[in-house]
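The values are calculated or read from the model by the stated rules, or taken from the named source; none is laboratory data. Treat the numbers as computed from the prediction; the structure is a model and nothing was measured. Glycine gets a Cβ as well: all are built from the backbone with ideal geometry, and neighbour counts include every protein chain shown. Surface areas here come from the heavy atoms of the whole protein model, side chains and all, with no ligands, DNA or RNA. Shrake-Rupley method; radii C 1.70, N 1.55, O 1.52, S 1.80 Å.
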Amino acid sequence: MEFGSNTIFVTGVAKVAKDDPIASSYEVFFVGLVVDKNTCVIVDATCNTARDLTMDFIRSIVIGHNLETELDTMTTELRNRFFGLVQKPLLVALKDAHNRFMVVKRAETRNNA
């Protein structure tokens, strides 16, 4: 898949519990988001989950949301619909990705001023 020049890639990370299946392969859980710089909408997402179905489910929830303004909406939906063992690391990683995005957005605003 190709992404336009108006998109950026941001990541968020969180530690995983020892009892989570991904702990045997990864020390951290990560979320990678492709975000449209102009609209702040998430256009694609990935994460390191044990099963593709888990990643597909997470993607179905976050893609199409505005990373700048809809973090609470995504967090609420994930809390209400996603009950995998990585729920807590997922929420932490998503918040981390949001924070990184906001840093990039503020820096870009300063550079364009």
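A few notes on this one:
- When Lys88, Lys37 are compared by accessible area of protein heavy atoms, the largest-first order is Lys88, Lys37, using a 1.4 Å probe.
- Put simply, the amide H of Cys47, placed in the peptide plane, has neighbours under 5 Å in Gly32, leaving out anything fewer than 5 places away on its chain.
- Length gained when the stretch Asn99-Arg79 is fully extended (0.36 nm per residue, less Cα-Cα span): 5.3 nm
- Rounded tilt (10° steps) of 52-62 against the dominant C-alpha axis of the chain: 40 degrees
- For the chain, the number of Lys pairs separated by eight or more positions or lying on different chains, with C-alpha atoms closer than 22 Å, is 7.
- The phi torsions of the stretch 28-44, fed into the Karplus equation with coefficients 6.51, -1.76 and 1.60 and a -60° offset, translate into couplings of 10, 9, 10, 10, x, 10, 9, 10, 6, 4, 6, 9, 6, 7, 6, 9, 7 Hz, rounded to whole numbers, with Gly and Pro shown as x.
- Using θ = phi - 60° and Karplus 6.51 cos²θ - 1.76 cosθ + 1.60, couplings along the stretch 64-77 (whole Hz; Gly, Pro as x): x, 8, 7, 5, 6, 10, 10, 4, 4, 4, 5, 4, 4, 5
- Given a 1.4 Å probe and the protein chains as shown, Phe3 ends up with an accessible area of around 90 Å².
- Note on the chain: with neighbouring protein chains present and a 1.4 Å probe, carbon and sulfur make up 51 percent of its accessible heavy-atom surface.
- Taking amide hydrogens as placed 1.01 Å from N in the peptide plane, the amide H of Val41 sits under 5 Å from those of Asp36, Leu67, each at least 5 positions away in sequence or on another chain.
- Two-site FRET efficiency, Arg110 against Asp52, from Cβ-Cβ distance with R₀ of 25 Å, rounded to 0.05: 0.05
- Magnitude of the charge dipole, the chain, Cβ model with Lys/Arg +1 and Asp/Glu -1, debye to 20: 320 debye
- On a per residue basis, the chain carries 60 Å² of accessible surface, using protein heavy atoms and a 1.4 Å probe.
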